[in-house]
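Shown next, in structure tokens, is the structure this report addresses.
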Amino acid sequence: MAAVAGEPEVIRDKAAMRAWARRRRAEGKAVALVPTMGFLHDGHLSLGSVAAAAASASGPVAVVVSIYVNPSQFAPTEDLATYPSDLAGDLRKLAATGAVAAVFCPPYLYVRAGAGGSGHETWIRVERLEKGLCGSSRPVFFRGVATVVAKLFNIVEPDIAVFGKKDYQQWRVICRMVRDLDFAIDIIGSEIVREADGLAMSSRNALSIHRSLVNAKTAALNGNNHSQQIKDQIVQTLAEAGGQVDYVEIVEQESSVALERMDRPAAICVAAWFGKVRLIDNIEIQTHHPDGGASI
């Protein structure tokens, strides 16, 4: 049934989703996809990825938000059942943006392998970029992400897809997959949306991490481009705040190769445990000038 003005159409069937997207394209609209796992916050909504999707094309655009909790990115030791869900709330929030034309909520995109051998056995690996950072402690995560995102691309057939930069490694993995597999999709990285105090709008970010990143960036802009010194500073700050560091890495932005010196566009990526919650954040430093200064 067609959605009323301002209310997104909810689509659950894969063939129906593909047909809907092809109709929008026949109308002369670009299709922009925002993949999510639901439980949406403002980082996804009017200030974040949805707004980026709505503004992503010079002409008319039809924004699709997918909501799917992806079992294939959870390791056996991770509890999929505890992942928060509020579909009714998500639909209300998306309708309130006035920018979303459809919400794709497939009942499944992945089936775990079972005794009958009918489970999912085809995977996409971005072999180097999936290693390190979050991939070190979550070895199946990016395999699951890349495979299900590729399935979403095949179903929705978007012209544009938007991924939040808070999950920096994931964004880079998707960019590389799209390049390597020749998907005709423009990938947009939406900036991290923060509260006035700098806290990222996500349940998995903490102000102490962001402050450590801002301090590290300030040090780099003031001429300290020694990665190990910057990393040690962040580790100390988080330890003093009660965090247990999973990783602190300084990497080249596009390749995610570790940098000993920040002499090219870099990203500082952090993951730390605060109690039972694992928190992630990152910050980019774009360039270094010959005089030793850096641009934001």
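The values are calculated or read from the model by the stated rules, or taken from the named source; none is laboratory data. No experiment lies behind these values; they were computed from the predicted model shown. No Cβ is skipped: glycine too gets one built from the backbone with ideal geometry, and neighbour counts run over all protein chains shown. Please note that ligands, DNA and RNA were not included when accessible areas were found on the heavy atoms of the full protein model with its side chains. Shrake-Rupley method; radii C 1.70, N 1.55, O 1.52, S 1.80 Å.
Compared with the direct C-alpha span, the chain from Q233 to R18 gains 72.5 nm at full extension, assuming 0.36 nm per residue. Connecting C-alpha atoms closer than 10 Å in a GNM of the chain, tell me which of L87, L40, L181 has the biggest fluctuation. Comparing L87, L40, L181 in the GNM, the peak value goes to L181.
Helix 141-156 and the longest principal axis of the Cα set of the chain meet at an angle near 40°.
Ranking Y83, H120, I174 by Cα position along the charge dipole of the range 68-178, where only Lys, Arg, Asp and Glu carry charges on their C-beta atoms, puts I174 farthest toward the positive end. In the Gaussian network model of the chain, springs joining C-alpha atoms below 10 Å, which of T237, T97, T122 carries the largest mean-square fluctuation? Result: T122 has the largest fluctuation of those listed. Report D for the chain in µm² per second (integer): Stokes-Einstein, Kirkwood Rh on Cα pairs, 4 °C, 1.567 mPa s. For these conditions, the coefficient is 64 µm²/s. Between V162, V111, V63, the Gaussian network model of the chain with springs among Cα atoms under 10 angstrom shows the greatest mean-square fluctuation at V111. Taken over the chain, lysine pairs spaced eight or more positions apart, or on distinct chains, with alpha carbons under 24 Å apart number 22. The residues of the range 77-192 present an accessible area of 48 Å² per residue when probed at 1.4 Å with all protein chains retained.
Assuming charge only on the beta carbon of Lys and Arg (+1) and of Asp and Glu (-1), the dipole of the chain about its Cα centre is about 620 debye to the nearest 20.
For the range 207-285, dividing the convex hull volume of the Cα atoms by the residue count gives 74 Å³ per residue.
A cut-off under 12 angstrom between Cβ atoms defines the neighbours of A32, and their net charge, with Lys, Arg +1 and Asp, Glu -1, is 0.
For the chain, carbon and sulfur atoms together expose 52% of the accessible surface, with a 1.4 angstrom probe and every protein chain in place.
Once the Cα atoms are used to define both axes, helix 87-97 deviates from the longest principal axis of the chain by about 80 degrees. Per residue, the solvent-accessible area of the range 207-285 (1.4 Å probe, heavy atoms of protein chains only, all protein chains present) comes to 45 Å². Heavy-atom accessible surface of D232, to the nearest 10 Å², is about 80 Å², with a 1.4 Å probe and all protein chains retained. Rounded to the nearest 10 degrees, what's the angle between the helix 207-221 long axis and the longest principal axis of the chain, both from Cα atoms, 0 to 90? The angle comes out at about 60 degrees.
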